[in-house]
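Everything below concerns the one structure shown next.
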Amino acid sequence: MKVLLRQDVAPLGIIGDIVDVKPGYARNYLLPQRLAVEPTDANLKRIDQERKDREKREKQRLQSLKGVASRLDGVSVTIKAKANELGHLFGSVTETHIADALKDEGFDIEPEKIALAQPIRTLDKFRVPVHLADGIDAEVDVWVVPA
């Protein structure tokens, strides 16, 4: 059975593709979930317009993220943590702590976007990469100071 995809479906294809699937898969999953429709001329035109609108929104989102990355690049945040005399932390500074510090500076960055190789466990200055989207990255300076 041939269906026209209304959304990206990982194993099948992307929006606007006409794919051939088993009738049961189309009847029981794709059509009820509104992931696909029958490939009529009217549906083809509507899906093509939806694809264009989606590409436009994605382009605007990427432009917005580039602006955020340029403002974010080189921002410095300070995180206070308890440490011993040698500078080793009691605990660690994680992506969540850095995201909270960035939120205090006016940047709404999710912890998943912060790319720490491993949690910070010492007092010092660290360059932490922030991955906003494919090809859009920034680095922030994180100062870990004693509380």
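In summary, strands (runs of 3 or more DSSP E) completely within the range 1-109 and bearing 3 or more residues that are surrounded by 11 or more Cβ atoms within 10 Å (Cβ to Cβ) occur at 2-5, 76-81, 88-93. Within the range 71-110, being of a type in the set (D, E, K, R) and closer than 15 Å to R127 by Cβ holds for D73, E95. So, Q7, is that one under 30 Å from A99 (Cβ atoms), of a type in the set (S, T, N, Q) and either in the same structural domain as E95 (by TED's automatic domain parsing) or modelled with pLDDT of 95 or more (or both) or not? It is false that Q7 is under 30 Å from A99 (Cβ atoms), of a type in the set (S, T, N, Q) and either in the same structural domain as E95 (by TED's automatic domain parsing) or modelled with pLDDT of 95 or more (or both). On inspection, K125 fails the criterion of being surrounded by fewer than 16 Cβ atoms within 10 Å (Cβ to Cβ) and assigned to a helix (DSSP H, G or I).
State yes or no: is A117 assigned to a loop (DSSP other than H, G, I, E, B) and out of contact with any Ser or Thr (no Cβ under 8 Å at 6 or more places or on another chain)? Taking the combined requirement at face value, the residue satisfies it. For V75, are the conditions met, namely being of a type in the set (V, I, T) and closer than 30 Å to V128 by Cβ? Yes, satisfied. For the range 105-147, filtered to residues that are small (G, A, S), out of contact with any Pro (no Cβ under 8 Å at 6 or more places or on another chain) and touching a residue at least 24 places away in the same chain (Cβ under 8 Å), the residue that is nearest to V75 (Cα to Cα) is A133.
Mind checking which residues of the range 1-34 are touching a residue at least 12 places away in the same chain (Cβ under 8 Å) and within 17 Å of R51 (Cα to Cα)? Scanning the range 1-34 gives V3, L4, L5, R6, Q7, V9, I15, G16, D17, I18, V19, R34.
The values are calculated or read from the model by the stated rules, or taken from the named source; none is laboratory data. Keep in mind the model is a prediction, meaning the values are calculated, not measured. In this analysis, Cβ positions are derived from the backbone assuming ideal geometry, glycine residues included, and neighbour counts consider all displayed protein chains.
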